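To keep things clear, I will list the structure first and then write my remarks on it.
The values are calculated or read from the model by the stated rules, or taken from the named source; none is laboratory data. Keep in mind it's a predicted model, so treat the numbers as computed, not measured. Every residue, glycine as well, gets a Cβ built from its backbone with ideal geometry; the counts of neighbours run over all protein chains shown. Only protein heavy atoms, including side chains, enter the accessible area calculation; ligands, DNA and RNA are left aside. Shrake-Rupley method; radii C 1.70, N 1.55, O 1.52, S 1.80 Å.
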Amino acid sequence: MSLHQEETIVALATPAGIGAIGVIRLSGPEAISITNKVFYGKNLETQDSHTIHFGTIRDEGFIIDEVLVSLFVAPKSYTKENVVEISCHGSDYIIASIIKLMIKNGARAAKAGEFTLRAFLNGGLDLSQAEAVADLIASSSKSAHQLALQQMRGGFSNELKNLREQLIHFASMIELELDFSEEDVEFANRDQLKQLILAINKVVSRLIQSFEMGNVIKNGVPVVIAGKPNVGKSTLLNVLLNEERAIVSDIAGTTRDTVEDEITLQGVRFRFIDTAGIRETADIIEAKGVERTFEKIKSSAIVLYLFDPRETSLTELKAIIDDLQQVIQENNSKLLLVANKIDETQVNDALSGFESLGEILYISAKEKHNIQLLEDELLKAANLSQINKDEVIVSNIRHLEALQKTEASLSRVLNGIDNPVTSDFLAMDIKQALYYLGEITGTVTTDDLLENIFSKFCIGK
């Protein structure tokens, strides 16, 4: 990503659309002076940092709006540059007029993520912290918010910094050996290096394993609602979402495709997927829906299998569970067995015998009976309440891939120690591990990498 930091950039920092207020942000060496040309109230260039000033924005004498101007003088700002934030009324016309005026006076329109990119390039954030800013903006649950905030404050960065510092020490010792290669001396104790690599590998492995949890926190817990046709899957989805999201009908096979929506329970986001009923069918469209049901089951964290105890025999349910268990075990998912329609008068006779299959939750989606118990079971199955908020958890796929490459490089170092290789090969593998760790925090970057990361940010951040 090409960047001219001598330029001053401007963008709307609040969501587009008419609202009570809009905030326009400028950053760069001329941010204060450009604003001062069109601001009537005080001389902004003589004011202290972190002060707010009331006045008007005018274009050649024409008053555009009454505004509040917030000043952040370098380096005491998000980007470490001079930053001005103009709080104006949230009219599209007013916002467009002010931004146009700033551009006319020397600013240029900011690119996506350019404010945070400047914060990174100016040392305000490392790359993983910058990515956490985007995650914080996108967070839609308490757990996702806490994870992003922990990473933005440097929890992940500090862990990686400690790993790199230890590796750098041994890398420098091995480089020293290369300088004295003719004298056949060892400055890096191989036993100590092996113990360090094993210790670092343990941490890297833990971070890699944490991704499964981090991904769930960030994107929500995928829950598939499966079952035979007409057992109340769509009714249950509507009850959980508290809205008529899915079509409810007495006609079997109504749901031909998957229906998805989200709710948040005690700070944890769940993505519910109502699927086509699982049964043998000659209907080509319905059969396609059943096929997609099994595809969704493969990618779910929790499978909520709903059945009508009056219409299902113990033998039949056992066979279905056996089919589901194979898919669930392969994907390390959890299975919740839920018997629906307990409001029906005949149901008591049908309940006997199912206890042998393990814990079953009995509900009535129609009457909203035991729905709270079902939500409690979902939270228990998600198992996110046990997360240590101080524990570093990986949630970014780019970080995961870099850690996996680091682990592979460290394994080659261990192999080189156990099957002695020359110092130059050891140094090469250690440098590779350092490179991949550096990619995460931004110690090692390329223009393509920065372009890929920051182009996904919203303009104005």
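Annotations
- Long pairs among LYS111/LYS461; LYS76/LYS161; LYS202/LYS405; LYS228/LYS318; LYS142/LYS218; LYS233/LYS368, criterion Cα-Cα beyond 18 Å: LYS76/LYS161
- Gyration tensor (alpha-carbon) shape descriptor, the range 18-152, a/c threshold 1.5: prolate
- FRET E, pair ARG58, GLU391, Förster distance 45 Å, beta-carbon r, rounded to 0.05: 0.25
- The figure for HIS145 is an accessible area of roughly 80 square angstrom, using a 1.4 Å probe on the protein chains alone.
- When the alpha carbon gyration tensor of the range 98-244 is reduced to an equivalent ellipsoid, its three semi-axes come out at 45, 31, 11 angstrom, largest first.
- Between ASP448 and LYS366, full extension at 0.36 nm per residue minus the direct alpha carbon distance yields a gain of 24.2 nm.
- By accessible area with a 1.4 Å probe, ligands and nucleic acids excluded, highest first: order of ILE21, ILE32: ILE21, ILE32
- Theoretical FRET efficiency, 1/(1+(r/R0)^6), r = Cβ-Cβ of LYS42 and THR315, R0 60 Å, to 0.05: 0.15
- Peptide packing for 9-20, 406-417 was compared via the average number of neighbouring C-beta atoms within 10 Å per residue; ordered from the highest value, the list is 406-417, 9-20.
- For the range 7-24, 3J(HN,Hα) per residue [Karplus equation, 6.51 cos²θ - 1.76 cosθ + 1.60, θ = phi - 60°, Hz, x = Gly/Pro]: 7, 9, 10, 9, 6, 6, 9, 9, x, 5, x, 6, x, 5, 9, x, 10, 9
- Residue-wise HN-Hα couplings along the range 224-229, as the Karplus relation 6.51 cos²θ - 1.76 cosθ + 1.60 with θ = phi - 60° gives them from phi, are 8, 9, 10, x, 5, x Hz; Gly and Pro carry x.
- Area projected by the alpha carbon convex hull of the range 364-461, averaged over all directions, nm²: 12.3 nm²
- Contour excess over end-to-end distance, with Cα ends at ALA16 and GLN195 and 0.36 nm allotted per residue: 59.0 nm
- Sequence-distant residues sharing a close amide H with HIS89 (under 5 Å, placed H): GLY22
- Per residue value of the accessible surface for the range 1-74 (all protein chains in place, 1.4 Å probe), Å²: 51 Å²
- For the range 76-100 versus the range 106-138, the gap between their alpha-carbon centres in whole angstrom: 16 Å
- Among the protein heavy atoms of the range 75-169, carbon and sulfur supply 56% of the accessible surface, probe 1.4 Å, non-protein parts ignored.
- Once all protein chains are placed together, ARG398 keeps about 40 Å² accessible to a 1.4 angstrom probe.
- For HIS369, distant residues with modelled amide H under 5 Å away: SER364
- Additional length obtainable on full extension of the chain from GLU159 to LEU265, 0.36 nm per residue less Cα span: 35.1 nm
- The range 406-461, accessible area per residue, ligands and nucleic acids excluded (1.4 Å, Å²): 49 Å²
- Those GluC sites (Glu not before Pro) in the range 39-109 that DSSP places in a loop and that have at most 10 other beta carbons within 10 Å: GLU60
- Heavy atoms of LEU317 accessible to a 1.4 Å probe, total area in Å² rounded to 10: 0 Å²
- Rounded to whole Hz, the Karplus (6.51, -1.76, 1.60) HN-Hα couplings of the range 134-140, x for glycine and proline: 5, 5, 5, 4, 7, 4, 10
- Using the Cβ-Cβ distance between THR51 and SER455 with R0 = 56 Å, the FRET efficiency computed as 1/(1 + (r/R0)^6) comes to roughly 0.95.
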